[in-house]
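Novice: The structure's right below; bear with me while I get my questions together.
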């Protein structure tokens, strides 16, 4: 499963793709099972240089019935800022935020997980 993220150009806010629009909450992210659909959304996002910067696809994994990013960096971006529990997106609370806060994944992507297993 994949999700699309970027930073909004006007204020630097981390945003997530949902049905052709950028949303601020990770819980509202559109997830892509189909690689072609994910790549098409990424191409569309990259064609918006005055709206977002550095759009990229991230790997998602299901934990306790909630889909979260595999990479630690992306989990932090979804919670951010993380300097205090009462700041940023994590202050909203809820099941997705709790799962993000307590998730432990070992590798940056599923491809890397498979690579590590082969060694």
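Novice: Rank the residues 17, 22, 67 as a footprinting-exposure proxy: fewest other Cβ atoms within 10 Å of their Cβ go first.
Specialist: 67, 22, 17
Novice: At a 10 Å Cβ-Cβ cut-off, how would you order 68, 10, fewest neighbours first? Write down the numbers at each step before the final one.
Specialist: Numbers: 68 25, 10 9.
Placing the least packed residue first, the sequence is 10, 68.
Novice: Among 98, 33, what is the fewest-to-most ranking by other Cβ atoms within 10 Å? If you can, show how the numbers build up before the last one.
Specialist: Values: 98 13, 33 8.
Fewest-to-most ranking of 98, 33: 33, 98.
Just so you know, all these numbers are worked out from the coordinates, no wet-lab data involved. Keep in mind that this is a model prediction, so the values were computed, not measured. Positions of Cβ are generated from backbone atoms using ideal geometry, with glycine treated the same way; all protein chains shown enter the neighbour counts.
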